[in-house]
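Visitor: The structure under discussion is supplied below as structure tokens; questions concerning it will follow.
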Amino acid sequence: MRKLLFAMSVLALCCSAQAERPVKVTFLGDVMCQGPMLKAYSTGDGKYDFSEVFAGVKGLLAESDYVFANLETPIAPDNQDLTHALYSFCSPHEFAEAAKAAGIDFVFTANNHCLDRGPAGIPRTVAALDKIGLPHTGTFATAQDAAKPIIVDVKGFKIGVLSYTYGSNAFANNQYLSETNRFMVNLFQEQELSNPLARAWMRNRKSEEGLRYVEYEKKNRPENLTLPVYERQEPHERERKELAADVARMKAAKPDFIAMSMHAGGQYNPAATKYTKELAEFIRGCGVSVSA
């Protein structure tokens, strides 16, 4: 018999079988390295020191037994190809090292910036995080890794961890996954504007292809014609089946609890959108205990 309390992105777990020993788990939001930070925290020799960035929260994180965070940037293991242009993030490995040193124990990597450096950026990020010793899930270098349930042990309490995203900035950076590499990113729907007609419509609303797209969406998802790209519902039948299978594999591994980082909901919304609520109900029905 286990008791659960979830509030303010902090999970307090208590296991009666273990003398009611409390376990405090914290979920942080987006952790990202903005362009001005590269100049501010450069040590002048091609290296960086980001320890000051996390100094204000290090003490707070130390109050938790385990800390999860959404790492919203690719990481360069060799600090090559660093960029913070819009939809093209790539951050130094020292940034991830500083996050770990501050008390972040695990990072979610499935988010809209995960493909900012294209499919080639995924194994580079994985290699950097592995070298640092910072556990992660959501993006994968191999199909075999993508199929493995990730379970972390926090004081004997086993937490199954999943990470999924609505998209990958494909509408802007045009980094669309192929059939052979789609395992690299956990998606709960197809990438943004996956329909070529939709991309044609974004370029020219009056083009022949664009008008065909309008007629298609009027019959299927008329709200997509007015919503921002990052709040649209894309085709998702295959992705939802894969997500459900992912949760089923996790349940078969018998964790005490299943948590999912669900990167969704649009930008700066004061409340969850209708689509986000529907998605939350879907993953709860699959067996996810809580999403963050």
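The values are calculated or read from the model by the stated rules, or taken from the named source; none is laboratory data. The model shown is predicted, which means the values in this text are computed figures rather than measured ones. The area values use the complete protein model at the heavy-atom level, side chains included, leaving out ligands, DNA and RNA. Shrake-Rupley method; radii C 1.70, N 1.55, O 1.52, S 1.80 Å.
Visitor: Could you tell me the center-to-center distance, by alpha carbons, between the range 168-236 and the range 78-116 in angstrom?
Guide: Their Cα centres are 26 Å away from one another.
Visitor: With every protein chain left in place, what is the accessible area per residue of the chain in square angstrom, probe 1.4 Å?
Guide: 49
Visitor: Express the relative contact order of the chain as a whole percentage, based on alpha carbon pairs under 8 Å and six or more residues apart in sequence.
Guide: About 14 percent, as a whole number.
Visitor: Oh, and also: In cubic angstrom, how much convex hull volume per residue do the alpha carbon atoms of the range 75-134 span? If you can, show how the numbers build up before the last one.
Guide: Numbers: hull volume 4.6 nm³, N = 60.
Once divided by residue count, the hull of the range 75-134 is 76 Å³.
Visitor: Need one word for the range 39-123: rounded, prolate or oblate. Basis is the Cα gyration tensor (sqrt eigenvalues a ≥ b ≥ c); a/c below 1.5 gives rounded, then a/b vs b/c decides.
Guide: On the way: a/c = 2.32, a/b = 1.30, b/c = 1.78.
In terms of gyration-tensor shape, oblate.
Visitor: Per residue, how much space in cubic angstrom lies within the convex hull of the C-alpha atoms of the range 102-240? Let's see the in-between values first.
Guide: Details: hull volume 18.6 nm³, N = 139.
Per residue, the Cα convex hull of the range 102-240 comes to 134 Å³.
Visitor: So, one more: In terms of Cα to Cα distance under 16 Å, which lysines are near enough to Lys47, apart from those fewer than 8 places away along the same chain?
Guide: Lys47 reaches Lys39.
Visitor: Calculate what fraction, in whole %, of the accessible area of the chain sits on carbon and sulfur atoms when a 1.4 Å probe is rolled over the protein chains. Can you show the working numbers first?
Guide: Working: 7630 of 14200 Å².
So the carbon and sulfur contribution to the accessible surface is 54 percent.
Visitor: Going down the list Lys58/Lys274; Lys218/Lys274; Lys155/Lys254; Lys254/Lys274; Lys155/Lys277; Lys148/Lys219, which pairs span over 27 Å between their C-alpha atoms?
Guide: The answer is Lys58/Lys274; Lys254/Lys274; Lys155/Lys277; Lys148/Lys219.
Visitor: Just one of [x] 18.3, 56; [y] 19.8, 68; [z] 18.7, 61 is Rg and Dmax of the Cα atoms in Å as worked out from the coordinates here. Which one is it?
Guide: Label [y] holds the value from this structure.
Visitor: So, one more: If a/c stays under 1.5 just call it rounded; otherwise compare a/b with b/c (prolate if a/b is bigger, oblate if not). Do that for the range 137-207, with a ≥ b ≥ c from the square roots of the Cα gyration tensor eigenvalues.
Guide: Values: a/c = 4.52, a/b = 2.67, b/c = 1.70.
Prolate, because a/c is 1.5 or more and a/b exceeds b/c.
Visitor: Sticking with this structure for a sec: Percent antiparallel among DSSP beta bridges with both residues in the chain, to the nearest 5?
Guide: Numbers: 22 of 44 bridges.
Looking only at bridges with both residues in the chain, the antiparallel portion is about 50 percent.
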